[in-house]
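J.: Let me give you the structure first, and then I'll get to my questions.
Read-outs throughout are calculated quantities, based only on the coordinates presented, and are distinct from any laboratory measurement. What you see is a predicted model, and the numbers here were worked out from it, not measured in a lab. Neighbour counts are summed over all protein chains in view; Cβ atoms, including those assigned to glycine, are modelled from backbone coordinates with ideal geometry.
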Amino acid sequence: MKCDSMNVGIITFSSAHNYGAMLQTYALQKTIKKMGFEVKIINFRPNVIDNVYNPFRRKRRGYLDFKFYKHRIGLHTKNRFKIRKFENFEEFMKDNFNLTDTYKTFHEIVDANLEFDFFITGSDQVWNHAITKGLNPAYFLKFAPDNSKKISYGVSIGSDNVDIYDIPLFKHYLQNLDDISIREKSSLKSLSECSDKDIDIVIDPTLLLERKYYDDLKVDMDLKDKEYIFVYTLENNEEIIKIAQEISEKEGLPIIFNRPYKKFEDQLRSVPFIGPKEFLGVLKNAKYVVTNSFHGVVFSIIYNKTFVTVPNTKTPQRVEELIGSLGLEQVLFYNYDEFKDINNIKIDYANVESKLKVLKDKSLEFLEKSLIKKEKANINLNLSYLDDNDKFKCYGCYACKEICPDNAIEMITDNEGFVYPKINENLCGHCNICRKICIYSNDTLMEKNTNIQKVFAGYNKYSNNRAYASSGGLFLSLSKNIISSGGYVVGAKYTDDMEVKHDIVKNLEESKDFSGSKYVKSDISDLFPKIKDLLDKGKVVMFTGVPCQVAGLKSYLNKYHDNLYLVEILCHSNPSPKVFKKYISYLEDKFNDKVIDFKFKDKTMGWNNPSVLIKFRSGKTIRENGRYNNYNRGFQTSLFPRPCCSECEFVYENRPGDITIADFWGIEKYEESMKDDLGVSLIITNTSKGNSLFNEIKPQLKLKEENMEKAFANNHKHSIVLNRRRTEFFLKLDEEPIDELLYSFNNIKQRYKKHSKK
């Protein structure tokens, strides 16, 4: 298969220091290179993987961190093998993988703007949430550009079924892939229920390569031509230990063990330090192999070994399927009592090779078909929620509902508390205006001209104006400027029932209700037509809202208005109104009092140490550290955001507003003169109109011009990554008391209570 100048990027557990992970990476790279492609391994090294293997991961916490010193002394004495093993694996990566630059997080890969004709995820358990500590979008190629082809090869979820809490994410992420293949047939049914695409079963990449390639890699250890048994285990399993011990006694052979301790009476050597090359050498030269490792089985087959396996108790299906497909049931035992004699095992490797060739040919056929670049013709990549009901595509901005000339669209609240449009087909005139103005994947709404964009750190010179504000008091200055000229201000406020709703005001005192952060998705129903009416009458209007609301208004109007100023508030995500309403009800029931205000960022203890301040009608107040408050902590950890927040396009330089305002977190690191614990705002002027409005209030502000890099060093540069426990939370939302439920997810408060009891 010849492929002129086509290139492939592979992402997998390439930095995991275990033999299977390293050798499957090597094998897939080699296989695709043999097919005529340029291949690179995307050097993704998340902490959840690297920290498992890096012996130096523990950092010193001050000069008197005695645990750190004890750990380092242990490393260089009794645990020196860990350093040796670490160095062997790092050397193997450096010498045998064609690596990209190193990326530690998903967002770092996004920023890298990698360009390959094809992206492949896999093999290995990259879709196993237990290993990756939640599904990582990087392993679903969510960073890859739309014009590339995205493929999964031999991926494993590590179990037979997709976890119930992961089903929504799998349904969403699998849409991103063009061709899908997995390693275990046992998970096919569950994954197929998450996607309408064909899913192929393929073999592990290590089985795609001929033995000669591993012979070129292997390094033989100096064992003076001794015959031995190689015992390779991934978990402590007494059944496999007893089997190996019996073989050793009956055959009179010593044992080489991969663990760092003596376990057998006749143990020739313990080799916990060897790298992938030495592993191949030890296994090839063994007379017998006893293992509970999937890749221990794989390389026993490749080297035609007489071997015994007791499946890993956590993921037995991997070994069971491979053994079954090759007719090797005689080597599979679940306990010591089933095993009789190693000499009873007679493997017909000619038959095994014949069956393996069928599997190999099928797997190579999948790769060859997948690695053909086709234009994505006749496929509308920009289908809206109105086409496929994919909740990840709907911001709930109301633009489609308000623009409909037939009043055929109704906003329906789902069981999570978010609104989505529903078309009444009996009223619909099929004009498709709703789809045309949908803000999802609509680049025309962005202000990306970095020559116009200017960045400032600033705060209001009058401290009383900052008392109302979450940060530097910019909003009140902007409001005063608009209202004093006869204009109107639009923003989010609490209603008498403590719901968050947008309103239109024309006096400064009322506009103060819009000040302060409100971590709830606000209600903007019936708002856009009212704004349009004011604009058509020549009134000046300043609309403030989160970026998707600004984009929604902009798209609804579909016309430039020189009397409209769009001010967007940089946001983390849009939390569920239903959750907030339940939390308010809990507070009112608990204290038998009505909540009249909820400040998410009270600055009494300082801007850098914000508190949640809850006020009741009786005058009672509750102040709590922001991280300890159960609702606020749920917001911070993305426990109940709108699904589309994980796909938000209005990030970093992609600004739909004339002006962007936010907290300028970390400004004191760059400008000592701007250090102020009453709050410092980030201001980005995105348009000439925004710049003109900002110039009118500059005399009221202390300012320092900055840049985008500093502005987003501690602010959200990317959309959030959904918390996998989000699904669990919403499944329990109507079943459990809200505060107890929120507390069960608040690990910081749980730790605080645990330590306070000591």
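J.: Over the Cα atoms of the stretch 7-206, Rg to Rh with Kirkwood Rh, two decimal places?
T.: Details: Rg = 18.2 Å, Rh = 18.0 Å.
Answer for the stretch 7-206: 1.01.
J.: Taking +1 at the Cβ of each Lys and Arg and -1 at the Cβ of each Asp and Glu, which of 221, 572, 458 sits farthest along the dipole of the chain towards its positive end, judged by Cα position relative to the Cα centre?
T.: Of the options given, the answer is 458.
J.: Given R₀ = 56 Å, FRET efficiency for residue 688-residue 422 by Cβ-Cβ distance, to 0.05?
T.: Calculated value: 0.90.
J.: Okay, next question. Residue 330 to residue 146: FRET efficiency via 1/(1 + (r/R0)^6), r the Cβ-Cβ distance, R0 41 Å, to the nearest 0.05?
T.: 0.25
J.: Suppose only helical runs count, i.e. DSSP H with n ≥ 4. What mean residue ellipticity at 222 nm does that imply for the chain under -39500 (n - 2.57) per run, divided by all residues and rounded to the nearest 500 deg cm²/dmol?
T.: -10000 deg cm²/dmol
J.: Ordered by residue, what ³J(HN,Hα) values in Hz, to whole numbers, does the stretch 264-273 give under the Karplus form 6.51 cos²θ - 1.76 cosθ + 1.60, where θ = phi - 60° and Gly and Pro are x?
T.: 10, 4, 10, 9, 5, 7, 10, 10, x, 9
J.: Roughly what angle does helix 238-251 make with the longest principal axis of the chain, taking Cα atoms, 0 to 90 degrees, to the nearest 10?
T.: Result, in degrees: 20.
J.: Could you work out the local net charge near residue 353, counting Lys and Arg as +1, Asp and Glu as -1, over the other residues with Cβ closer than 12 Å to its Cβ?
T.: Residues near residue 353 contribute +2 overall.
J.: For the stretch 7-206, what relative contact order do you get, as a whole percent, if you take Cα pairs closer than 8 Å and at least 6 residues apart?
T.: Normalised by residue count, the contact order of the stretch 7-206 is 22 percent.
J.: So what's the gap between the Cα centers of the stretch 415-474 and the stretch 681-734, to the nearest angstrom?
T.: A separation of 12 Å, based on Cα centres.
J.: At what distance in nm do the modelled label points of residue 130 and residue 176 sit from each other, each positioned 7 Å from its Cα along Cα→Cβ?
T.: 2.4
J.: If each residue of separation counts as 0.36 nm, what is the full-extension length gain between residue 452 and residue 707 once their alpha-carbon separation is subtracted?
T.: Extra length from residue 452 to residue 707 when fully extended: 90.6 nm.
J.: Also, I was wondering about something else. Under a plain spin-label model, where a point goes 7 Å from the Cα along Cα-to-Cβ, how far apart in nm are residue 346 and residue 677?
T.: Once both label points are built, they end up 8.4 nm from each other.
J.: Report the antiparallel proportion of the DSSP beta bridges in the chain as a percent, rounded to a multiple of 5.
T.: Roughly 45 percent of the DSSP beta bridges within the chain come out antiparallel.
J.: For a Förster distance of 30 Å, can you work out the FRET efficiency between the beta-carbons of residue 98 and residue 73, rounded to the nearest 0.05?
T.: 0.20
J.: Please report the net charge: other residues with Cβ closer than 13 Å to the Cβ of residue 505, K and R +1, D and E -1.
T.: Charge balance near residue 505 sits at +3.
J.: Shifting gears a bit: Before anything else, pin down the relative contact order of the stretch 36-130: Cα pairs under 8 Å, at least 6 apart, normalised by residue count, whole percent.
T.: That works out to 46 percent.
J.: Let me ask something else. Take peptides 201-214, 102-115, 149-162 and line them up by average Cβ neighbours within 10 Å, highest first, as a rough protection proxy.
T.: Descending packing order for the listed peptides: 149-162, 201-214, 102-115.
J.: For the charge dipole of the stretch 7-206, defined by +1 on Lys and Arg C-beta atoms and -1 on Asp and Glu C-beta atoms about the Cα centroid, which residue among 140, 93, 172 has the Cα displaced farthest towards the positive pole?
T.: 93
J.: Dipole magnitude of the chain about its Cα centre, charges +1 at Lys/Arg Cβ and -1 at Asp/Glu Cβ only, in debye to the nearest 20? Write out the running numbers ahead of the final one.
T.: Details: 114 positive and 104 negative charges, 537 e Å.
Rounded to the nearest 20 debye, it is 2580 debye.
J.: Same structure again: Among 81, 407, 645, whose Cα lies farthest out toward the positive end of the dipole of the chain, if unit charges sit on the beta carbon of Lys, Arg (+1) and Asp, Glu (-1)?
T.: The listed residue farthest towards the positive side: 81.
J.: If only Cα atoms are counted, what is the Rg of the stretch 82-181, and what is its Dmax, in Å?
T.: 15.0, 43
J.: May I pose another question? Residues with beta-carbon under 14 Å from that of residue 105, excluding residue 105: net charge, scoring Lys, Arg +1 and Asp, Glu -1? Walk me through the intermediate numbers first.
T.: Details: positive: 45, 104, 133, 142, 717; negative: 50, 101, 108, 111.
Summing Lys/Arg as +1 and Asp/Glu as -1 gives +1.
J.: What Kirkwood radius, in Å to one decimal, follows from the Cα pairs of the stretch 390-441?
T.: Its Kirkwood hydrodynamic radius stands at 11.4 Å.
J.: Report, to the nearest 10°, how far helix 527-536 tilts away from the longest principal axis of the Cα atoms in the chain, using its own Cα long axis and a range of 0 to 90°.
T.: Rounded to the nearest ten degrees, it is 50.
J.: Pairing the Cα long axis of helix 747-756 with the longest principal axis of the chain, what angle in degrees results, from 0 to 90 and rounded to the nearest 10?
T.: 80
J.: Then there is this: Quick one: divide the alpha-carbon radius of gyration of the stretch 614-738 by 2.2 N^0.38 Å and tell me what you get.
T.: Details: Rg = 18.6 Å, N = 125, 2.2 N^0.38 = 13.8 Å.
That works out to 1.35 for the stretch 614-738.
J.: Sticking with this one: Over 26 Å between Cα atoms, which of 171/369; 150/732; 150/422; 501/603 qualify?
T.: Listed pairs above 26 Å: 150/732; 150/422.
J.: Also, I was wondering about something else. Taking 30 Å as the cut-off for C-alpha to C-alpha distance, list the pairs among 391/698; 40/357; 149/559 that go past it.
T.: In this structure, 391/698; 149/559 lie more than 30 Å apart at Cα.
J.: Hey, another quick one. Quick one: length gained pulling residue 287 to residue 185 fully straight, 0.36 nm per residue minus the C-alpha distance? Intermediate results must be reported in sequence, preceding the final value.
T.: Details: separation 102, 0.36 × 102 = 36.72 nm, distance 3.15 nm.
Separation in residues times 0.36 nm, less the Cα-Cα distance, equals 33.6 nm.
J.: Distance from the Cα centre of the stretch 217-272 to that of the stretch 27-53, in angstrom?
T.: Each part reduced to its Cα centre gives a spacing of 30 Å.
J.: Using 0.36 nm per residue, how much length does the chain from residue 337 to residue 34 gain when fully extended, once their Cα-Cα distance is taken away?
T.: Full-extension gain reported as 104.5 nm.
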